[in-house]
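Input: a single structure, listed below in structure tokens.
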Amino acid sequence: MKARYINKLAGSVAVGVCLLAATGQQAQAGELYQGWNYSIDSFSDGYGGSDYEIKGMAVTETDDSIYVALTGGTPLAGQSYDGANDGNIGWGDMFFNFSGQDFATAEANGELLGVRFSETNDSRVDQVGLYSNVTTRNVAGANGGYTSLKKYYDNGYGDTNTMGTDIATEDDAYSYLYGDEVAASPTRRNTKFRNVIKNGDFMGEINLLDDAALAAQGLDFGNFGANGPQTFGFQLDKSLLADTLPGGVNSFMAHVLLECANDAVALAGNIEILVEEPEVEPEEVPEPAGLMSLGFAGLAFLKSRKGRQA
Ligand SMILES: [Ca+2]
Ligand SMILES: [Ca+2]
Ligand SMILES: [Ca+2]
């Protein structure tokens with residue numbers, strides 16, 4: 001993976017704020033606003049018009065929870081479309097990559113996490129929730145879309161912020177999704193979309209949230225002029241990740257494509273896993289030496305009395 005991509009991972013959330021201010025690279029990394037980390041996508045790279053236009057993704061965390069939000073033209077339950085095999089085009093699944101590797105390598109190594117958040121999409125896992133050890137498949141063709149990223153770009157959809165603020169260029173998108181070697185010579189064959197979970201191990205449930213519930217958590221895509229019209233998201237308990245991630249700050253890249261792959265967005269962020277400190281026994285106050293020796297003397301006295309009685 002390219003060094004600049006790793007830099008973006010490192011400089012994305014609260015921990016990176018000072019670093020960003022110091023290096024003046026704010027335009028390249030996640031946008032922070034009132035506790036949320038935003039990645040704002042191009043407003044004009046949704047093939048098929050406003051119904052398929054993703055505008056942004058955002059993440060925040062509390063001690064116990066992770067909140068994820070999406071905004072764009074596609075409703076959570078998708079749009080009716082005759083050209084799709086199931087008559088509906090909706091959202092693909094979301095992938096979380098904590099490995100520091102590109103997406104394809106992370107999948108090959110069994111290190112991808114995935115979230116199915118849409119009950120109506122073409123995911124191959126059967127329930128909404130968080131999954132580990134995720135493999136992926138391409139459902140773009142079955143949903144009336146281009147089947148490769150190269151074809152999408154060949155047709156003129158490679159705008160700035162192609163996958164949001166955190167994967168801004170075509171080269172970065174190729175590099176993250178398929179690795180540097182493919183990025184050096186992308187073709188329609190080696191850049192097939194991978195946009196839903198094929199297999200995975202269920203880790204736990206997520207809680208779906210509407211725009212009002214997210215606004216109550218402080219979400220404000222409007223600050224970036226990036227409001228929907230469809231805004232929704234989910235909450236998941238950090239405890240689900242406690243066996244997967246080490247304690248401390250964990251950097252990730254997350255991304256999601258529409259089922260038709262007409263648009264995609266990614267976000268680089270950090271999640272802090274808090275480790276419970278073991279309870280410290282209150283320190284015993286040592287007895288003054290005089291009392292201690294008195295105690296031993298007393299014990300010795302009692303023993304000697306006992307001995308005499310026997
Ligand atoms: Ca877009
Ligand atoms: Ca579909
Ligand atoms: Ca995009």
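For this structure, a couple of remarks:
- Cα-projected label distance for residue 237 with residue 223, points at 7 Å along beta-carbon direction, nm: 2.9
- In this simple spin-label approximation, residue 108 and residue 250 carry label points 7 Å from Cα along the Cα→Cβ vector, and these lie 2.3 nm apart.
- The H on the amide N of residue 53, modeled in the peptide plane, is under 5 Å from the matching H of 73, 74, each at least 5 residues off or on a different chain.
- Paramagnetic label reach from residue 43 (point 7 Å along Cα→Cβ; backbone nitrogen cut-off under 12 Å): within region 200-230, residues 222-229.
- Taking all protein chains as they are arranged and a probe of 1.4 Å, the heavy atoms of residue 273 leave approximately 20 Å² accessible to solvent.
- Label point 7 Å beyond Cα of residue 155 along Cβ direction - residues of region 252-282 with amide nitrogen under 15 Å: 258-264
- Alpha-carbon gyration tensor eigenvalues x 5, square-rooted, for region 46-120, Å: 26, 17, 12
- Our coupling estimate for region 266-271, obtained by passing each phi through the Karplus curve with A = 6.51, B = -1.76, C = 1.60 and θ = phi - 60°, is 10, 9, 9, x, 10, 10 Hz, Gly and Pro reported as x.
- Measuring only protein heavy atoms, the 1.4 Å probe finds residue 160 accessible over about 110 Å².
- Filtered GluC sites (Glu not before Pro), region 189-277: DSSP coil and at most 10 other beta carbons within 10 Å: 276
The values are calculated or read from the model by the stated rules, or taken from the named source; none is laboratory data. Remember, predicted model here, so these are calculated numbers, not experimental data. Ideal geometry is used to build each Cβ from the backbone, glycine not excepted, and the neighbour counts take in all protein chains shown. To get the accessible areas, we keep the full protein, side chains included, count just its heavy atoms, and leave off ligands, DNA and RNA. Shrake-Rupley method; radii C 1.70, N 1.55, O 1.52, S 1.80 Å.
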